[in-house]
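Please treat every number below as a calculation from the coordinates, not as lab data. Predicted model only: the values in this text are computed from it and were never measured. Cβ sites come from the backbone with ideal geometry, for glycine too, and all protein chains shown count toward neighbours.
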Amino acid sequence: MTATKFHSFSELVQDRTESEPTVQLPEAPPVAPKLETQNLSFYYGTNQVLYDVSMKIAPKSVTALIGPSGCGKSTFLRTLNRMNDLIEGTHHTGTVLLENIDLNAPEIDVVALRKRIGMVFQKSTPFPKSIFDNVAFGPKISGLRNKKILAEIVEYSLKQSALWDEVKDRLNDSALALSGGQQQRLCVARTLATQPDVVLMDEPASALDPASTSRIEDLIFELKKDYTIVIVTHNMQQAARISDQTAFFYEGHLIEMGPTQELFTKPREKQTENYITGRFG
C-alpha cells in the first residue's frame, strides 16, 4: 500500500477532515425563560399604553428596557410584579409568567409574589429607621424574629449590595444620614433581604452622581450571578455597558429585542436605529 504524501500540516488536516464522516451533534436544549409575557396589553382606564408585548427574559441575566419618555417601559416593568395593581382603574390583557406560573391567576398571593420579584425605584426610598431596620424590614414583616438570623441576613444583604464595609460600624444610625448613592444601595440590600429570584430596577442611577452611578453598575454586574435583573434606563451607554439583552419600546410597542451588542451595532428595525443614533428621543 502506497502512503499518501502531504507537503504541509494543513494538507494533512484538510485530508482528514474530508475523509472523516460528519457527525451531527445534538443541539443544546434552549434555556427556559425566567420571566415571560405573552401578548401583554395594559390600560389606564380607557387609555391603552402597552400593545401585545411578548418577551422572554433569561435567568441570571440583565435585560435593559430602553425607549423615549412615555413609551411604556416603566409600565411594563411594573406589570412584572403587579405594582400597577395599586393604581385604580388599570387593567390588562395577556399573560405574565414566572417560571410558567401565571402571575395574575386568582390564587396568587401578591405579597409573596413581590418577595420573589423585588423592585428598586428611581428615587431612593429609605425608611426613617436605622440602617439595620431598613434591611431587616422585609424578613421582620414576614414573621422572622430570631435576632441572630436577622443579623446574618442584614450582613449578607449589605455585602451583596456593596455597602457593608461603609456602614458595618454604624448599623444603628439613621438610614436618612447616608449619601444618595448609599441610600440607593441600601434599597437594593432591602430588596435582596427578602431573597427574591428577580430584581426590577426603574432607572436606579438616574439621580446619582457619576461615581455613585458607576458603583450601581458594578453592583448590577455582580448581582446577575445570582439574580435575574430587569432595568429601565434612559442612558443607552449604561444599557450597553451592563445588559446582556436590550428591548426597545416605542409608543407602547416592543419594537425590537435582542443581544445588546447586536441591537446597538446591527439593529434590525429602522426605528431602533433612529433612536440609538439620536435621531429622536
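Farthest toward the positive end of the dipole of segment 106-166, out of Ile153, Pro126, Ile108, is the Cα of Ile108, where the dipole comes from beta carbon charges about the Cα centre. Of interest is the spacing of the C-alpha centroids, which for segment 71-111 and segment 238-275 amounts to 23 Å.
Going highest first, how would you order 259-267, 178-186, 212-220, 164-172 by mean Cβ packing within 10 Å?
Details: 259-267: 16.1, 178-186: 21.4, 212-220: 18.4, 164-172: 13.8.
Peptide ranking by packing, descending: 178-186, 212-220, 259-267, 164-172.
Dipole magnitude for segment 58-129: about 440 debye, using +1 per Lys or Arg Cβ and -1 per Asp or Glu Cβ, origin at the Cα centre. The angle separating the long axis of helix 210-223 from the principal Cα axis of greatest extent in the chain is about 70 degrees. When the Cα gyration tensor is reduced to axis lengths a ≥ b ≥ c, the ratio a/c is 1.5 or higher for segment 165-239, and with a/b not above b/c it is classed as oblate.
Could you compute the net charge surrounding Asp109? Neighbours are other residues with a C-beta less than 14 Å from the C-beta of Asp109; K and R count +1, D and E count -1.
Numbers: positive: Arg82, Arg114, Lys115, Arg116; negative: Asp85, Asp102, Glu107.
Computed value for this residue: +1.
Relative to the dominant Cα principal axis of the chain, helix 147-160 is inclined by about 50°. Overall, the anisotropy analysis places segment 85-143 in the prolate class: the square-rooted eigenvalues a ≥ b ≥ c of its C-alpha gyration tensor yield a/c not less than 1.5, with a/b exceeding b/c. Gain on full extension, evaluated as 0.36 nm per residue between Phe280 and Asn100 minus their Cα-Cα distance, stands at 61.1 nm. With the charge dipole of the chain set up from +1 on Lys and Arg Cβ and -1 on Asp and Glu Cβ about the Cα centre, the Cα lying farthest toward the positive end among the listed residues Ser142, Val53, Ser174 is that of Ser174. Taking label positions 7 Å along the Cα-Cβ direction at both Ser142 and Arg170, the computed distance is 2.9 nm, reported to one decimal. Highest average first, the peptides 116-126, 230-240 ordered by how many other beta carbon atoms sit within 10 Å of their residues are 230-240, 116-126. The charge dipole of the chain, taken about its Cα centre with unit charges on the Cβ atoms of Lys, Arg (+1), Asp and Glu (-1) only, comes to about 800 debye. In straight-distance terms, cross-link reach from Lys225 covers every one of the aspartates and glutamates whose alpha-carbon lies under 14 Å from its own, apart from those fewer than eight places away in the same chain; here that gives Asp197, Glu217, Asp244. Return, ordered by residue number, the residues of segment 198-218 whose backbone nitrogen is under 17 Å from a label point located 7 Å along Cα→Cβ of Ser179. From segment 198-218, the list is 205-218. Residues of segment 58-84 with an amide N closer than 20 Å to a point placed 7 Å from the Cα of His234 along the Cα-to-Cβ direction: 64-78.
Per residue, how big is the convex hull around the C-alpha atoms of segment 169-211? Give it to me in cubic angstrom, could you?
Per-residue hull volume (Cα only) is 99 Å³.
In this calculation the C-beta distance from Arg268 to Gln38 is compared with R0 = 25 Å, giving a FRET efficiency of 0.75. A simple charge model with +1 on the Cβ of Lys and Arg, -1 on the Cβ of Asp and Glu and nothing else charged puts the dipole of segment 51-201 at about 320 debye relative to its Cα centre. Here the Debye sum runs over all C-alpha atoms of the chain as equal scatterers in vacuum, and log10 of I(q)/I(0) at q = 0.08, 0.09, 0.10 Å⁻¹ comes out as -0.42, -0.50, -0.59.
Computed packing ranks the peptides 129-139, 146-156 as 129-139, 146-156, most packed first, by mean other Cβ atoms within 10 Å.
Can you bin segment 111-234 into rounded, prolate or oblate? Criterion: square roots of the alpha carbon gyration tensor eigenvalues sorted a ≥ b ≥ c, rounded for a/c under 1.5, prolate for a/b above b/c, oblate for the rest.
Values: a/c = 1.67, a/b = 1.20, b/c = 1.39.
Judged from the Cα gyration tensor, segment 111-234 comes out oblate (a/c at least 1.5, b/c at or above a/b).
Helical content alone sets the calculated 222 nm signal of the chain at -10000 deg cm²/dmol, taking -39,500 (n - 2.57) per DSSP H segment of four or more residues and averaging over every residue.
Spin-label model, Val110/Phe127: points 7 Å from Cα along the beta carbon direction are separated by 2.0 nm. Comparing Ala205, Val96, Thr246 along the charge dipole axis of the chain, the residue lying farthest to the positive side is Ala205, per the Cβ-charge model.
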